Amino acid sequence: MTETLSEMTENDESIFSSLHCILSPISKATGSATFTLNDSLCTCLLNGPGELRQQQDAINRLQVDITFQARPGSNNTNSTSTKDKLIEQWLETLVHSTVLTEHYPRSQINIVIYEEQNLSGEATILACLCNTLCLTMLDANLPMKYAFAAVPIILHPTKGLLALPKTKDELASTTYFVFVFEITLNETLAMHASGEFDMKTLEQAITIAKPIAGQIFQFYRQELEKRLS
């Protein structure tokens with residue numbers, strides 16, 4: 001496991017080669033971004049904050065309306081619809097956890113996030129969605145407690161724990177983790193896991209993911225600096 005961690009931290013260039021983004025691709029939105037993580041690509045747009053509709057005026061807090069749209073051609077089954085709703089709830093929780101909501105009483109923001117491409121698996125696409133959302137919020141200049149970054153980790157049957165897994169490795173795995181870290185202390189903000197694992201494996205996965213999150217934050221800074229230059 002130590003060898004896996006060492007390999008990932010010594011090859012920062014390979015980490016950056018897995019990432020790509022475009023800020024403000026949708027000019028009419030308050031904020032927007034596209035983000036690529038390996039073979040997954042997402043686009044997100046945000047509008048607001050704006051006043052709540054009249055029937056919602058009694059809500060004295062920021063209302064977040066998130067719509068997730070799976071890529072065209074995805075099966076429209078009840079299980080898929082349920083999964084989409086869970087993704088929306090996961091992303092909504094991240095917004096409420098990071099935006100300074102007291103700045104926007106009786107206001108709402110509307111977010112639409114699209115799964116443009118996903119040749120990988122659930123871990124990579126979920127991390128891609130989280131990072132696209134954060135970049136969009138930064139692009140919209142929302143006042144945030146902290147930025148966040150998501151890192152996918154898989155437990156490969158022969159290679160062990162792998163961060164930012166290649167598609168073939170992810171498709172060969174049945175256990176994965178997605179860790180979301182906040183930028184101030186690089187502490188875990190949220191986590192999603194699937195499959196069989198023990199606490200030791202979980203702790204090792206977090207250890208591997210933390211420095212990768214730091215590299216993603218560095219990537220954010222570089223992209224924001226490009227926009228401002």
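The values are calculated or read from the model by the stated rules, or taken from the named source; none is laboratory data. Keep in mind the model is a prediction, meaning the values are calculated, not measured. Don't worry about glycine lacking a Cβ; one is built from the backbone with ideal geometry, like all the others, and counts go over all protein chains shown.
Tabulated values for the structure
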{"quantity": "Qualifying residue in the range 95-108 (condition: surrounded by fewer than 17 Cβ atoms within 10 Å (Cβ to Cβ) and either in contact with a Gly (Cβ under 6 Å, 6 or more places away or on another chain) or of a type in the set (K, R) (or both))", "calculated": "yes"}
{"quantity": "Of all residues making up the range 156-172, the number that are free of Cβ contacts under 8 Å to residues at least 60 places away in the same chain and buried (at least 21 other Cβ atoms within 10 Å of the Cβ)", "calculated": "1"}
{"quantity": "Residue in the range 91-106 that is over 23 Å from the mean Cα position of the chain (by Cα), of a type in the set (K, R) and at pLDDT 80 or above present", "calculated": "yes"}
{"quantity": "Hits in the range 187-229 - residues which are surrounded by 15 or more Cβ atoms within 10 Å (Cβ to Cβ) and in a loop (DSSP other than H, G, I, E, B)", "calculated": "F197"}
{"quantity": "Test result for T136, touching a residue at least 12 places away in the same chain (Cβ under 8 Å), more than 24 Å from S27 (Cβ to Cβ), β-branched (V, I, T) and not in a loop (DSSP other than H, G, I, E, B)", "calculated": "no"}
{"quantity": "Matching entry among I113, I125 (being among the β-branched types (V, I, T) and within 23 Å of L224 (Cβ to Cβ))", "calculated": "I113"}
{"quantity": "Pairs with Cβ under 7 Å, 6+ apart, first in the range 112-133 and more than 21 Å from F217 (Cα to Cα), second among the aliphatic types (A, V, I, L, M)", "calculated": "V112/L45; E115/A70; E115/I125; E116/L41; Q117/L41; N118/I125; G121/L171"}
{"quantity": "Flag for P165 being on the phi < 0 side of the Ramachandran plot, assigned to a loop (DSSP other than H, G, I, E, B) and not small (G, A, S)", "calculated": "yes"}
